[in-house]
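Heads up: the structure comes next, in structure tokens.
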Amino acid sequence: MTDKKKTSQDSYKPDWVPENAGQEFATKVVKGKRITGKTEKRQGAKKLRTLSVDEYVSGVLKCDRTITARTITLIESNSQEHFEKSQEVLKRLLPYSGKSLRIGISGIPGAGKSTLIETLGCDLIGKGYKLAVLTVDPSSSVSKGSILGDKVRMEKLSREENCFIRPSPSGGILGGVARKTRETITVCEAAGFDIVLIETMGVGQSEITVRSMVDFFLLVLISGGGDELQGIKRGVMEISDAVAINKADGDNLEKAKLSQTEYSLALKYIKPITRNWEPKCYLCSALTGYGVDNLWEEMKKFEKITKQSGFFEERRKAQSLEWVFTIIEENLKENFYNDKAVQREITKITSLIHKGEILPTTAAEKLLHTYYKK
Ligand code: GDP
């Protein structure tokens, strides 16, 4: 680089820049640092002291935020050593869990879920509740969270002392994310959070997964064209306890009211997922706060009715059993596909299938036989 291209102390122009070019080509050059050896530490990085099972447990029970966050990190770890330790911690925390109201919130990106969680969350904290917000988003591990981008979500809520926000664990299939989220709920409840909100951004399978771990499931929609009912999967409505038409404000209010009428009608033809509870469609605006308190009142009513009827407990027990079977299924699958003999057989079978020389049913039988005859 020649001196004439140096425009100030630290602003340079690259060599290829035309002679008489202006400041638009200026670039800031940061001097590189030579790495001298393995022992060089990242500046400011401090290695965290390993905690014992006792320290994790007592930290969570005292609602120490740092230890609670570290416990969740331990759960999210994929290492065998961490897995064993996390299971020990969870076993000890389990008796203190189960006391929160678990709420699932779903809807397509842009429907206003995070704005709604922010508005509802701040209201709940104002009412004296302690709130944990978790997300289940298997796509974030693939897209590296591109749905959320760099946008700071729930900015006000994240500054609240009584709120704990934890994004989806990264790296993994939905099954893994689901197990970790269930365990994270246990940690949050043991730490004394009395409402756990679980947000999901996926469409399809992740909704079913979240439904299997919450008491109340809210679907957030926005008004759109007349044929919007076709756009939303009927299946998601079938698992919802309430539908909220968000963005019911300004010029959009009238359109939102029309959508409310349509969805209310559609809900009448759907078999309710919760006994003694008829799902309804509500209007709200996460931006102005309109209808948000009403949503919360409905959730409280739901809790009261289902607790009185015994359905709340019944569903929790069924969910625990489902959790057991999910773990078993995952374990069996993992064992099967990690088996060396099975892996060799899969290579052979794949080629036979491609050539059309074996029936899929025979192929599956052969693979299972390989696995079980060990
Ligand atoms: P998410 O992807 O479902 O979490 O949606 P966001 O909460 O990020 O909201 C998407 C966009 O809609 C943002 O620009 C919000 O400001 C806007 N938004 C959210 N809720 C409302 C609302 O009630 N009214 C209006 N007018 N805009 C809203």
Overall Cα dimensions of segment 49-95, principal axis frame, Å, largest first | 27, 23, 15
Using modelled backbone amide H atoms (1.01 Å from N, in-plane), which distant-in-sequence or interchain residues come within less than 5 Å of I165's amide H?
-> V133
Amide H within-cut-off set for L283, under 5 Å, with H built and near neighbours excluded | I245
Across K47/K113; K247/K271; K180/K348, pairs whose alpha-carbon gap is larger than 29 Å = K47/K113; K180/K348
Beta carbons within 10 angstrom, averaged per residue: use that to sort the peptides 277-289, 72-84, highest first.
-> 277-289, 72-84
Label points 7 Å out from Cα along the Cβ direction at K156 and E84: separation in nm?
-> 4.8 nm
Figure the gain on full extension for Q205 and K257 (residue separation times 0.36 nm, minus the Cα-Cα span) and round it to one decimal in nm.
-> 15.8 nm
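None of the figures in this text is laboratory data; all of them are computed from the coordinates on show. Remember, predicted model here, so these are calculated numbers, not experimental data. So basically every Cβ, Gly included, is an ideal-geometry build from the backbone, and we count neighbours across all protein chains shown.
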